[in-house]
Each structure stands twice: as structure tokens, then as C-alpha cells.
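Worksheet: the structure to be examined is printed underneath.
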Amino acid sequence: MQTEEPNVLRVERRFFNALIDENSADLDQLLSENFLLIDVLSGAEINKSALLAAVSSDQLKFEIIDLLDSHIRFYNGTAVVTGTTKMNGRFADVPFRIFSRYTHVYSKQQDEWHLVVAQGTQITSAE
């Protein structure tokens, strides 16, 4: 599975870039049909259609997503990526600045990696 690492990292970059570029078509391709996001701001569960709607309607806007580090582990057709980010943006009219740790779970479906679960946790103190 280590040979899959560049493929997973490419999808990971596409995901973050699609959020910044508000590219809901690219997000639609990258996310599995049963995708679930645990929101870093509120802990709410957000499904694929809700995330796509928020991005395409400009309700959720990412201005900057700095990927600080990431690590990948593989388990029989599944990749788990953990890392840290600094993000700036706004939700509705409320700006946010977040330093977070995240976990993304990818599943290989029909020879392509798809993001099935994303979870973010805000880090409130410097480490």
C-alpha cells in the first residue's frame, strides 16, 4: 500500500484546493456518496449534500488552508490521514481563524480514493 501514498496525498490536496476554490464539482467527485464531516467549529455532522450546498452557495468560504503536516496509515483498502492545518475563512458572515488537528479516512472504490469521513478538532493552545 505504500505505493498508494502519492495517490492519497494527491486526493488530499485536491480536497483542500476544492474547498478554497469553491469547486463543488471536484468535491462531488472526491467525496464518497455517504461522506460525513464532523465540523471543526461546532462538532455537527454534515453530509455530502450539505457540504456541497454550503460551498456552492458561498455560505462557507475558505480563504486560506495551510496544511502544516500530515501522516498516512493504510489498512486493507483504507487510508487514514492525520495532520494539522491553519485555516481562515467565514461561515455565513462570521469570520473564523482555526488551528486544527484533523483525521481523514479514504476508501479505495473502483480504483479511486474517495474521502468517506473527515473530522477536525480545534487546537486552542500552541503545542
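The residues listed here are Gly83, Gly77; of these, the one that is out of contact with any helix residue (DSSP H, G or I) (no Cβ under 9 Å at 6 or more places or on another chain) and among the small types (Gly, Ala, Ser) is Gly77. Taken over region 1-21, the criterion of being over 21 Å from Gln110 (Cβ atoms), more than 13 Å from the chain's Cα centre (by Cα) and in contact (Cβ under 8 Å) with a residue 40 or more places away in the chain is satisfied by Gln2 alone. With respect to the conditions (1) at pLDDT 95 or above; (2) over 16 Å from Gly120 (Cβ atoms); (3) surrounded by 12 or more Cβ atoms within 10 Å (Cβ to Cβ), Arg73 lacks only one, and its number is (3). Each residue in region 1-50 was checked for being of a type in the set (Ser, Thr, Tyr) and within 20 Å of Thr82 (Cα to Cα), and 3 of them qualify.
Residues in region 4-56 that are under 22 Å from Gln122 (Cα atoms) and polar (S, T, N, Q): 3 in all.
When the residues of region 44-54 are filtered to those that are in a helix (DSSP H, G or I) and more than 13 Å from the chain's Cα centre (by Cα), the one that is surrounded by the most Cβ atoms within 10 Å (Cβ to Cβ) is Ala54.
Pairs only if they're at least six apart or on different chains, beta carbon under 8 angstrom, first in region 107-124 and within 14 Å of Glu5 (Cα to Cα), second among the aromatic types (Phe, Trp, Tyr) and exposed (fewer than 15 other Cβ atoms within 10 Å of the Cβ); list them, first residue then second. Between residues of region 107-124 that are within 14 Å of Glu5 (Cα to Cα) and residues that are among the aromatic types (Phe, Trp, Tyr) and exposed (fewer than 15 other Cβ atoms within 10 Å of the Cβ), there is no close pair.
Taking region 11-43 as the range and being part of a loop (DSSP other than H, G, I, E, B) and of a type in the set (S, T, N, Q) as the test, the residues that pass are Asn23, Ser42.
Listed by first and then second residue, the pairs with beta-carbon distance under 6 Å, at least 6 apart or on different chains, first residue in region 56-85 and in a strand (DSSP E or B), second surrounded by fewer than 11 Cβ atoms within 10 Å (Cβ to Cβ), are Val80/Arg73; Thr82/His71; Gly83/Asp69; Thr84/Asp69.
Conditions tested, residue by residue: (1) within 14 Å of the chain's Cα centre (by Cα); (2) surrounded by 14 or more Cβ atoms within 10 Å (Cβ to Cβ); (3) among the charged types (D, E, K, R).
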| residue | (1), (2), (3) |
| --- | --- |
| Gly83 | yes, yes, no |
| Met87 | yes, yes, no |
| Arg90 | no, yes, yes |
| Phe96 | no, yes, no |
| Thr103 | yes, yes, no |
| Glu112 | no, no, yes |
| Ile123 | no, yes, no |
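The values are calculated or read from the model by the stated rules, or taken from the named source; none is laboratory data. This structure is a prediction, so every number in the text was calculated from the model and none was measured. Cβ: placed from backbone, ideal geometry, glycine included. Neighbour counts: every protein chain shown.
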